[in-house]
Amino acid sequence: MKPIAIFLIAAGAISTSATAQNNIENQAATPDAGWLACTRLNDAPARLACFDRWAGQQAPGMTATAPNATPPALASEQPPPVAPAATGAIEKPTQTAATEPDCHSSQSSTLSRFWELEASSDCGRFNIRGYRPISLSLIGSDSVNTAPSTPTAGHTASYQPYLQGETRIQLSVRTKIASGFLTHDDPVKRDSLWFGYSQQSYWQLFNEQLSRPFRNTDHEPELMYIVPTDADLPGGWRLRYSGISLNHQSNGQTLPLSRSWNRIILMAGAEKGDKYTLTGRVWQRMPEDAASDDNPGISDYVGRAEVTGMWNLDKLNSLSMTVRHSLQAVGNGSLRLDWMRAIGTPGRGSMTSGLRFHVQLFSGYGDSLLDYNRQRTVLSIGLSLVDW
């Protein structure tokens, strides 16, 4: 019986060793191949045979054909992983269609975030966005129009004792209503159709004699189509978009205070890094019958084009200047200077607050439709909400 027992034990050991060998060979392509597979064997003779076999594979000639042959060091002996920055290579963020949309992501440029020019800054349709600043200001001016008039018959109002000091309220919002007309096959760029509405009111808050009326309110609905137009310009500038707009502006009054006009506007915008932006608009007034024109010659007074330059001094302060010109021999037009300083708590991570302390100086024609043909200088100080 003893020879039989010895024979069975030896056969079992050989069988177990063969099984271990098969397991090692089957797992050679996995991260657990080599000595890690040996550690999972419970039978002592089989485990020893496995380690012996693994040790025999460490011969110099076997290294090239056995990538898992070298046993890994213990976790405590392994060097720390090298960060990507240690290699000296700096990876720039790229705009791709797979990037999660975020209108305010710092990975997108200023104009890309504002007009959602790329997939990474696309925030979908029918979301309310800021357009021009929403502001409440105290203003002082060198004059006030107490009897507005135009050359058209029936457009001269009676005298009203308006005060030069008043308040101004501006509301302005927009929403994207469609996109992908021309760029539906482009994985990155996004063209878009927007509807915007702006309203500016002059409120005689301190005029108790007239029961504090609103002296004038201008309404401005606008339909805008924006196309990403990417091109390098001299001086490090980059053209970002072009577009067209159908614009109506009216003060909603009856005669003799009624004022309105309609325009077709061409526009474009460029930027230089995150510090400078330059936008321009040129327009053509839609024809109106001279007999019913509420504001004849408005293009000669207000202008036919405007250019706005903005300089972001830092994360808190920005300066801008807007110049309007009639593009005719008679200059007219206007000049507007703005300084904004962010205040309050940032709303999105490192992004600055949307609330601004706002100072503005305006001089020229067209501060309001009622004053389209009257030149005046206005200083306003207040609070504004920029695009949120």
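The values are calculated or read from the model by the stated rules, or taken from the named source; none is laboratory data. Model, not experiment: these values are computed from the prediction. Counting neighbours? That spans all protein chains shown, and the Cβs are built from the backbone with ideal geometry, glycine included.
The set of residues from region 150-188 being of a type in the set (A, V, I, L, M), in contact with a strand residue (DSSP E or B) (Cβ under 7 Å, 6 or more places away or on another chain) and modelled with pLDDT of 95 or more comprises Ile169, Leu171, Val173, Ile177, Ala178. For the structure I just gave you, tell me whether Ser250 is surrounded by 17 or more Cβ atoms within 10 Å (Cβ to Cβ), more than 18 Å from the chain's Cα centre (by Cα) and at pLDDT 95 or above. Here the answer is yes, as Ser250 does meet what is asked. In region 135-148, is there at least one residue being within 28 Å of Gly243 (Cα to Cα) and surrounded by 16 or more Cβ atoms within 10 Å (Cβ to Cβ)? So far as region 135-148 goes, yes, one or more of its residues are within 28 Å of Gly243 (Cα to Cα) and surrounded by 16 or more Cβ atoms within 10 Å (Cβ to Cβ).
What number of residues in region 354-384 are in a strand (DSSP E or B) and at pLDDT 95 or above?
Adding up the residues that qualify gives 18.
Answer yes or no as to whether Tyr202 is part of a strand (DSSP E or B), assigned by TED's automatic domain parsing to the domain that holds Asn295 and over 23 Å from the mean Cα position of the chain (by Cα).
Working: part of a strand (DSSP E or B): yes; assigned by TED's automatic domain parsing to the domain that holds Asn295: yes; over 23 Å from the mean Cα position of the chain (by Cα): yes.
Yes; evaluated as a whole, the condition is true for this residue.
The conditions of being under 21 Å from Ser368 (Cβ atoms), modelled with pLDDT of 95 or more and aromatic (Phe, Trp, Tyr) are met by Trp283.
Condition first: exposed (fewer than 15 other Cβ atoms within 10 Å of the Cβ) and farther than 25 Å from Val386 by Cβ. Now tell me which residues in region 328-347 satisfy that. Within region 328-347, Gln328, Ala329, Val330, Gly331 meet the criteria.
Quick one: is Asp230 in the same structural domain as Asn145 (by TED's automatic domain parsing), at pLDDT below 95 and assigned to a strand (DSSP E or B)?
Numbers: in the same structural domain as Asn145 (by TED's automatic domain parsing): yes; at pLDDT below 95: yes; assigned to a strand (DSSP E or B): yes.
Yes.
Can you tell me which of Ser135, Ser121, Ser158 is in the same structural domain as Gly354 (by TED's automatic domain parsing) and over 30 Å from Lys275 (Cβ atoms)?
Values: Ser135 fails: over 30 Å from Lys275 (Cβ atoms); Ser121 fails: over 30 Å from Lys275 (Cβ atoms).
So the residue among Ser135, Ser121, Ser158 that is in the same structural domain as Gly354 (by TED's automatic domain parsing) and over 30 Å from Lys275 (Cβ atoms) is Ser158.
Taking (1) charged (D, E, K, R); (2) surrounded by fewer than 16 Cβ atoms within 10 Å (Cβ to Cβ); (3) under 26 Å from the mean Cα position of the chain (by Cα) in turn, Glu208 satisfies each apart from (3).
Considering each of Leu255, Leu239, Leu223 in turn, give the residue that is more than 16 Å from Glu166 (Cα to Cα), in a loop (DSSP other than H, G, I, E, B), hydrophobic (A, V, I, L, M, F, W, C) and out of contact with any helix residue (DSSP H, G or I) (no Cβ under 8 Å at 6 or more places or on another chain). Outline the logic, then answer.
Values: Leu239 fails: in a loop (DSSP other than H, G, I, E, B); Leu223 fails: in a loop (DSSP other than H, G, I, E, B).
The match here is Leu255.
Here is a check on your reading of the model: is Gln164 crowded, with 20+ Cβ neighbours inside 10 Å, farther than 22 Å from Ser320 by Cβ and more than 33 Å from the chain's Cα centre (by Cα)? Answer is no for this residue.
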